[in-house]
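Taking it in order: structure first as structure tokens, then the write-up.
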Amino acid sequence: MAKLRAIHTAELLKEVSGRFPQHDALVHVQRGISYSYREFAQAVDQLAKGLLGLGIGKGEHIAIWATNLPEWAIAMFAIARVGGVMVSVDPSYQANQVEYLLRQSDSQTLIFTKGVKGDEFLRILLDLAPEIKGSKPGGLNSPRFPQLKNLILISDAPSPGVFLWGEVLQKGEDIPSRALQKRAKECQPDDVFSLLYTSGTTGPPKGVMSTHYALINKSIASAEFQQLSQKDRLCLPIPLFHMFGCICVLLTAVACGATTVIPSDVFDPTMTLRALQEEKCTALYGAPSLFISLLEHPNFDDFNLSSLRTGIIGGSPCPLEVMKEIVGRMGVREITIGYGATEASSWITQTKTDDPIEVRVSTIGRACPNIEVKIVDPNTGQELPDGVQGELCTRGLLMKGYYKMPAATAKAIDQDGWLHTGDLGQRDSKGFFKITGRLKEVINKKGQIIYPVEIEEFLYTHPKI
């Protein structure tokens, strides 16, 4: 079993940037921007100093509301550098969802862009808190958001009541490096680093508190399963606000000194194929639907994707026929399947690059290192033998809990420390797991149990689907 590392995210970046200073850390194809690891670490430190200049203390909640910009990645590591807690906001959120998340998370600082298509983010904020217009930057006093004080706009165009990104960087010029060093001594690997919100399908979204320790060790394990090294270039077309993007790709890349390649601000199949070709990406990440959109691109055969080797398909079950297309037509020979949950600090199980293709198209792999996975009877909680379907549960490197929701936390993680995923699955005699459905999606028709995933798999065998 791999040895766990007791390391903080800020320490990890410092370590890797020292080992590979000239190596590409981040490339944003659409914007023509790239950072070596030395340049990326310097940009992170500059923003971190600016945050200290705003008076941001250890443990404060800092929200990011933006698309896949280079500033998103810089902000994520700068928040870690000052010992803050990163709160991610879905760019598709509407006003009521933004209000809920900022209030429930007690965010004290918001880093945001004007919008995806225009200035819709800014308009939403001004509608929710019109007093922004009359406030001094850093002095917001909003009845609706009593905790929120700092608004940092990723823009060069001035706007009332907000700090511009460049102004915060400028503030960092007056902060000595020893201030960052002092803050670093206060930070611990077991501190909460991220507050990522679940979809809220069973009630209001819940903020999942994940630690540096859990996220980094899951990332290291995932990198080993993919055989990643500093020579790899990871294509990130999925949203950074989601754990799949910011942790399973970006943090994993940093953990092994690899390069993160962001094709565009928002997902675009053409830009993604272009990035894969031009940047000679070796790994690709996304849900089955993302891979399908690339395979169905009218000019797919015009792109040279021969550099692709591995990556992860996750987020939802991958139909067997789609998997065959990814391996055969796209040529991602060592693609892996990952199964995880935000509450589990990302991956729970994963296949390996050298697993037989039959295993990689029919299972979600074995348990990740240093965690336990079992199948239990949903009614009794008793562990079930191999080959018998039940609820999948996991223990080890889990979340600290849902933010300000102790009852929901107790419902998700039992007294013995097992997270109940709500997914139905089974394990075979070799330790490989399969997901067969969701507890709440099982159809009982006159005593006959029907699993939607089985129907979906069958439909995908039809040549017209």
### Message
Below 8 Å between Cα atoms, with a sequence gap of 6+, how large is the relative contact order for the stretch 231-279 in percent?
### Response
44 percent
### Query
What fraction of the DSSP beta bridges in the chain is antiparallel, stated in percent and rounded to the nearest 5?
55 percent
### Query
Can you tell me the Rg and the Dmax, both Å, for the Cα atoms in the stretch 191-264?
13.4, 43
### Query
Relative to the compact globular guide of 2.2 N^0.38 Å, what is the alpha carbon radius of gyration of the chain, as a ratio?
0.98
## Note on the structure
Scan of the chain for GluC sites (Glu not before Pro) in DSSP loops with at most 10 other beta-carbon atoms within 10 Å gives a longest site-free stretch of 1-172
### Query
Quick one: Karplus J couplings for the stretch 10-23, per residue in order, coefficients 6.51, -1.76, 1.60, θ = phi - 60°, nearest Hz, x for Gly and Pro?
5, 5, 4, 5, 4, 5, 5, 5, x, 7, 10, x, 8, 6
### Query
Relative to the longest principal axis of the chain, what angle (0 to 90°, nearest 10) does the C-alpha long axis of helix 95-104 take?
80 degrees
#### Entry: Surface accessible to a 1.4 Å probe, ARG31 within the full protein complex, Å²
120 Å²
### Residues with amide H under 5 Å from that of THR211, placed H, sequence gap 5 or more
PHE193, LYS400
### Task
Whole number in Å², please: accessible area per residue of the chain, 1.4 Å probe, ligands, DNA and RNA not counted.
43 Å²
### Under 5 Å, built H, 5+ apart or other chain: amide partners of LEU151
LEU110, GLY138, PHE163
#### Entry: Nearest 10 degrees, 0 to 90: helix 269-278 Cα axis against the chain principal axis
90 degrees
### Spatial separation of Cα centroids for the stretch 202-232 and the stretch 95-116, in angstrom
24 Å
### Query
Mind checking which lysines have their C-alpha under 23 Å from LYS114, skipping anything on the same chain fewer than 8 residues away?
LYS133, LYS136, LYS149, LYS171
### Message
Report the rotationally averaged projected area of the stretch 299-389 based on its alpha-carbon convex hull, in square nanometres.
### Response
7.8 nm²
### Message
What are the ³J(HN,Hα) couplings of the stretch 323-328, residue after residue, when phi is run through the Karplus curve with 6.51, -1.76, 1.60 and θ = phi - 60°? Round to Hz, x for glycine and proline.
### Response
4, 4, 5, 5, 6, x
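The values are calculated or read from the model by the stated rules, or taken from the named source; none is laboratory data. For clarity, every value in this text was computed on a predicted model and none was experimentally measured. Here Cβ is always computed from backbone atoms with ideal geometry, including for glycine, and neighbour counts include all displayed protein chains. In case anyone asks, the SASA skips ligands and DNA or RNA and just uses the protein heavy atoms, side chains included. Shrake-Rupley method; radii C 1.70, N 1.55, O 1.52, S 1.80 Å.
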